[in-house]
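In what follows, a structure is listed as structure tokens, so that the remarks can point back to it.
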Amino acid sequence: MSQANHYDVIIIGTGAGGGTLAYKLAPSGKRILLLERGPYIPREKENWDSHAVNVEARYHIKEPWFDKNGEEFHAGAHYYVGGNTLYQVHGFRGTDPTEPPASAPYLHPPLSHEPRIQELVNDMTRLGHRPFPMPVGIMLDEKNPQKSKCIRCNTCDGYPCLVYAKADAQVICVDPALEHPNVTLLTDAFVARLETSASGREVTQVHVERNGAQEIYSANIVVSSCGAINSAALLLRSANDKHPDGLANRSAQVGRNYMCHVNSMFLAVSLDRNPTRFNKTFGLNDFYHGSKDWEYPMGHISMISNVDANILRLGAPRIVPGMTLEIMANHTLPFWITTEDLPSPNNRVTLTENDGIMLSYTPNNEEAHKRLQVKLRDMLKEIGCHDHLVPLQAYIPGRIPLAGVAHQNGTCRMGHDPKTSVLDPNCKAHDLDNLYVVDGALFPSSGAVNPALTIMANALRVGDHLLERLG
């Protein structure tokens, strides 16, 4: 293999883990190769087109995945530079009752509530609840709107950002890392498998399919950050004589313990209009650790961005009498409810005969999730969603299906014991000397919040370890 194809570090995937790690390592001068199986997301008017994004699934992956019964489905995943992650978080310390200790305030102030959301926050507070400013990663400067990258549009959550204001891994980490001459990015580069030395103790070759050709690269250190599902699939595809059940799988834990949260979208349809452009400005964790009538954790409540007729049509909700989907959308308060799912070895990623992805998953912790739905419903009934206590007309809960893999984690769990975990505390595979995993696969368990910020923080931590190792 030519020296030109050898690097100090190869990072597979450019999202929350891989993008952050590249940013951390870039100033070191070490030769770093980023391999991304997708391209840059195209900048086009369809970025903000609800029909294109939600109905046509224009930016979702096209490959079929399979459920535990072998039935084909299409996952809501994306293969693009930067993945789908947020940085530069706006927030306010001390307002979330579950917040852990922090060494400094948020760098950016919390987002303001638009009038309809402020009414909702006021009503919840009046009843003794503790809604707090939702930590949100968008590049919005409300004090200087003319200079703000973000224009606070109504197509944010779940949409590509046409003006690069979403503070994602591409904008915040990957593109700045590429300003260093020692960092190289190859797009449309699918890593088919990893090859090891005869001893099986180190990865010696990274086999890439790109533009119809086969390419081989090598590195002193190889890092997988393909997302929990695809990192597990890569290790399983890389089985060899020394690793017959998949790379780094002596524990038989690769692909197991898949978690993606128990999620529901809960639509409260009110007599009042909701003209809000950006709903996602508060969260509620009052029931995160349980309540007087249920001692177990229930989870997190927040809002999501705008719901329109296209989104409602996808879910085929029951229509309030006399309402069209357009009218219904204009009167909807959209909530997002998240409960932990628990690690289960039978919830797992495996491969089909053709190396396709099979995702076997049975939801658990259902009772806690149902109780959290009831808590939200009762609260909304009590406040009527505005000061005059006009009753809500309808509640429409909708469970997020198997295809909703945005919070995927747990498939290469981290731990001290090689018999029960795949990675050590530095996220190095127990069974190999130069293979690391820095995406959500490392989680032994999952809280009831988006894991992205933890993945980013961990990537910075692993970056310190790798810098010390590389010398």
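Descriptive notes on the structure:
- Listing of strands (runs of 3 or more DSSP E) fully contained in segment 1-71 that carry 1 or more residues being touching a Ser or Thr at 6+ places or on another chain (Cβ under 8 Å) and surrounded by fewer than 17 Cβ atoms within 10 Å (Cβ to Cβ): 6-12, 65-67
- In segment 282-300, the residues that are modelled with pLDDT of 95 or more reach residues that are assigned to a loop (DSSP other than H, G, I, E, B) and of a type in the set (S, T, N, Q) with C-beta atoms within less than 6 angstrom, at least six apart or across chains, in these pairs: ASN285/THR98; TYR288/THR98; HIS300/ASN285.
- Boolean, ALA232 is among the small types (Gly, Ala, Ser) and assigned to a helix (DSSP H, G or I): yes
- Residues that are surrounded by fewer than 23 Cβ atoms within 10 Å (Cβ to Cβ) and among the small types (Gly, Ala, Ser) were ranked within segment 251-267; the one that is nearest to PRO418 (Cα to Cα) is SER251.
- One residue stands out in segment 148-204 among those that are acidic (Asp, Glu) and modelled with pLDDT under 95: the one that is farthest from ALA452 (Cα to Cα), namely ASP157.
- Test: SER421 is surrounded by 21 or more Cβ atoms within 10 Å (Cβ to Cβ) and small (Gly, Ala, Ser): no
- Which numbered condition ASN154 misses (of (1) surrounded by 15 or more Cβ atoms within 10 Å (Cβ to Cβ); (2) assigned to a strand (DSSP E or B); (3) not charged (D, E, K, R)): (2)
The values are calculated or read from the model by the stated rules, or taken from the named source; none is laboratory data. Model, not experiment: these values are computed from the prediction. Note: ideal-geometry Cβ built from the backbone for every residue, glycine included; neighbour counts use all protein chains shown.
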